[in-house]
1. Give the percent of DSSP beta bridges with both residues in the chain that are antiparallel, rounded to the nearest 5.
2. Under a 5 Å amide H to amide H cut-off, with H placed in plane at 1.01 Å, what residues pair with I261 once short-range neighbours are removed?
3. Can you work out ³J(HN,Hα) from phi for every residue in region 65-78, in order, using Karplus 6.51 cos²θ - 1.76 cosθ + 1.60 and θ = phi - 60°, giving whole Hz and x for Gly and Pro?
4. What residues have an amide H closer than 5 Å to that of G94, excluding those fewer than 5 places away on the same chain, when H is modeled at 1.01 Å from N in the peptide plane?
5. Which whole-number value in Å² is the accessible area per residue of region 10-101, probe 1.4 Å?
6. For labels at K251 and K143 in the simple 7 Å Cα→Cβ model, what's the distance in nm?
7. What ³J(HN,Hα) values, in whole Hz, does the Karplus curve 6.51 cos²θ - 1.76 cosθ + 1.60 give for region 124-134 when θ = phi - 60°, with x put for Gly and Pro?
8. When the Karplus curve 6.51 cos²θ - 1.76 cosθ + 1.60 is applied with θ = phi - 60°, which whole-Hz ³J(HN,Hα) does each residue of region 245-250 get, with x for Gly and Pro?
Amino acid sequence: MRSKRIVHTPVLLHEVLEGLDLKTEGSYIDATGGEGGHLKEIAKKVKQALGIERNKEQLARIQELELTNVVLEKGNFAEIEKIAKKHGFENIDGILFDLGLSFWELVHLKKGFSYKKDEENLDMTLDETGQEKASDILNKYSKEELYEMFSRNAEEPKSEKIAEEVVRQRREGKFVNVSDLKRAIDSVFGAEDRRVYSRIFQALRMQVNNEKENLEKGLEGAVKILKIGGRLVVISFHSVEDRIVKKIMKKNNMELITKRISRYDDMSFERSATLRVAVKKI
Ligand SMILES: C[S@@+](CC[C@H](N)C(=O)[O-])C[C@H]1O[C@@H](n2cnc3c(N)ncnc32)[C@H](O)[C@@H]1O
């Protein structure tokens, strides 16, 4: 008999379940399955739920939980409307987006997501859809493109200097692993700065995986398939993401019932979670 895996405590669990306003007969979607932490708790309270997950290793971990009333789909939440239709999920009561990476992915995928893993290759792809790897971007983008990426995705004040340093350093040798990028950042700051590492690594990951565009599409799709009165619950870890969340909720005239709950996620990696809950009105 297979031993049951212990699932981590999902971020803001109580607030998420309350935000979704779960009803036994309702129809719910977890757009970011992850470890299955939230999904498992949702599944205990409702008849059927749909879980979407982009990363195949993560999906396999959710499958191990053997949640009999959960339909799983490997896919990108940007396609939420199509995926929901495919599985007959319509007039949805509640949809959850818990953005970013799970702690497990950060530790086990070995794709250079974390600045703490010097020897890992700078890959950062979450699925196999043929995106450029992080190292390709660093080795190929022009100085202006690198500047745009760092300033827009990370809001890093020294983006221009970092972009210049990346271009200078790659003339000496291509970017391959995590320590190469840290070296470029250190040259600009003159010392190690974990906050800057964190911001720049996140900016690169967002670029590799097209995260801002996916989020916009995913949220727009989610609003379309929610029923009137349905709930959209979003946890973000970055002001750039949170701004997109607020924009889409406002644009669709949703009522923001939980304006903002922020919680420092100590289990995880130096990040602070922001939860927003909105109701579809029209
Ligand atoms: C923070 S984790 C979710 C954790 C989950 N709520 C739990 O309790 O275990 C975010 C997950 O979303 C997945 N993900 C990221 N972008 C995605 C996308 N565009 N479509 C579907 N899943 C995505 C990641 O692979 C990761 O597993």
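The values are calculated or read from the model by the stated rules, or taken from the named source; none is laboratory data. All values derive from a computational prediction rather than experimental measurement. Here the Cβ positions follow ideal geometry from the backbone for every residue, glycine too, while neighbour counts run over all protein chains shown. Accessible surface areas use protein heavy atoms only, side chains included; no ligands, DNA or RNA. Shrake-Rupley method; radii C 1.70, N 1.55, O 1.52, S 1.80 Å.
1. Rounded to the nearest five, the antiparallel share is 45 percent.
2. L275
3. 6, 6, 7, 5, 9, 10, 8, 10, 9, 7, x, 9, 5, 4
4. Distant-sequence amide H within range of G94: S27, I29, R231.
5. Here the per-residue accessible area is 41 Å².
6. Taking the two extended label points, one gets 3.4 nm.
7. Values, residue by residue: 6, 6, 8, 9, 10, 8, x, 5, 5, 6, 4 Hz.
8. Karplus-based 3J(HN,Hα) across region 245-250 equals 4, 4, 4, 5, 4, 5 Hz.
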